1. Out of curiosity, is Thr135 free of Cβ contacts under 8 Å to residues at least 60 places away in the same chain, within 19 Å of the chain's Cα centre (by Cα), over 18 Å from Leu39 (Cα atoms) and surrounded by fewer than 17 Cβ atoms within 10 Å (Cβ to Cβ)?
2. For Glu29, indicate whether it is without any contact (Cβ under 8 Å) to a residue 40 or more places away in the chain, exposed (fewer than 12 other Cβ atoms within 10 Å of the Cβ), among the acidic types (Asp, Glu) and in a helix (DSSP H, G or I).
3. For the range 185-193, does any single residue satisfy the condition of being among the charged types (D, E, K, R), under 20 Å from Leu49 (Cβ atoms) and in a helix (DSSP H, G or I)?
4. Output yes when any residue across the range 158-173 is touching a Pro at 6+ places or on another chain (Cβ under 9 Å), surrounded by 13 or more Cβ atoms within 10 Å (Cβ to Cβ) and touching a residue at least 24 places away in the same chain (Cβ under 8 Å), and no when none is.
5. Residues to consider are Lys130, Lys141; find the one that is over 18 Å from Gly44 (Cα atoms), among the basic types (Lys, Arg) and free of Cβ contacts under 8 Å to residues at least 12 places away in the same chain.
6. Restrict the check to the range 201-221 and report whether at least one residue is more than 27 Å from Cys51 (Cβ to Cβ) and touching a residue at least 12 places away in the same chain (Cβ under 8 Å).
7. Quick check on my filter: what residues within the range 41-67 are aromatic (Phe, Trp, Tyr) and touching a residue at least 40 places away in the same chain (Cβ under 8 Å)?
Amino acid sequence: MAKLVGHQLLIASPKEVVIALFELLKEAEFYSSVLKTCLKIAIGFISSLCCGVLFAYICSRVTFIRELFTPLIRLIRSIPVASIVIVILIWISSKNLSIVTSFMMSFPIIYENVLKGIMNVDTKLIEMAKVFHLTKTNKLKAIYLPQVLPYLESATVLSLGLCWKAGVAAEIIGLPTGTIGEKLYQAKVFFDTPSVFAWTAVIILLSFVFEKVFALLIKKGIQRWKV
């Protein structure tokens, strides 16, 4: 394809991309940028996971709060990532932009799935727990967790990829210092097409690793709870 186009500014050959990638790997700044982006997106995802579960529990208990939350969650899910990023930039600096964006993208998915899991718990099991005077801890382990955990696992798988993509997209728009998004944008500004493709390859690889690692950790955590 690169030979057909005949211009490095438009598209880079695989060889040029590989060379650019190895050049990036030689730079210490590459690793700090990768670490910074991964850490921020991980913080955003973990925060959304904790808050999503917490608010799902609260809303399952209080109908009034659930009714208030429903239109808000739908609104967040319908807003494009770029619009969310621009609005967030009005309120906060670009330093924590990817954290907030990752949170905003994954929170609705986790909240809705966990809430659905809680609301679908068999009422007969709850009545039986009352008859046998089970403690809250035993009810949680015996009834709620087995019912809710599959929904939580599904939510995390769905939100992980979106969380990563939204976080990097936010960095490209907000340009926080020393991040993957900033480096990718700089490569584009200087018409360094091989580096653009090299950074894109890094983003794809990191997205895959990010999803697999978190999915594995969550799956192991769920298996422990089941035991």
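1. no
2. no
3. Looking through the range 185-193, none of the residues is among the charged types (D, E, K, R), under 20 Å from Leu49 (Cβ atoms) and in a helix (DSSP H, G or I).
4. There is at least one residue in the range 158-173 that is touching a Pro at 6+ places or on another chain (Cβ under 9 Å), surrounded by 13 or more Cβ atoms within 10 Å (Cβ to Cβ) and touching a residue at least 24 places away in the same chain (Cβ under 8 Å).
5. That would be Lys130, the only listed residue that is over 18 Å from Gly44 (Cα atoms), among the basic types (Lys, Arg) and free of Cβ contacts under 8 Å to residues at least 12 places away in the same chain.
6. yes
7. Hits for the range 41-67 are Phe45, Phe55, Tyr57.
Let's see how each residue does on (1) assigned to a helix (DSSP H, G or I); (2) at pLDDT 85 or above; (3) more than 21 Å from Ile218 (Cβ to Cβ):
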{"residue": "Ser83", "(1), (2), (3)": "yes, yes, yes"}
{"residue": "Lys95", "(1), (2), (3)": "yes, yes, yes"}
{"residue": "Ser98", "(1), (2), (3)": "yes, yes, no"}
{"residue": "Ser102", "(1), (2), (3)": "yes, yes, no"}
{"residue": "Met105", "(1), (2), (3)": "yes, yes, no"}
{"residue": "Gly117", "(1), (2), (3)": "yes, yes, no"}
{"residue": "Ile126", "(1), (2), (3)": "yes, no, yes"}
{"residue": "Leu140", "(1), (2), (3)": "yes, no, no"}
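The values are calculated or read from the model by the stated rules, or taken from the named source; none is laboratory data. Keep in mind that what you see is a predicted model, and the values were worked out from it rather than measured. Counting neighbours? That spans all protein chains shown, and the Cβs are built from the backbone with ideal geometry, glycine included.
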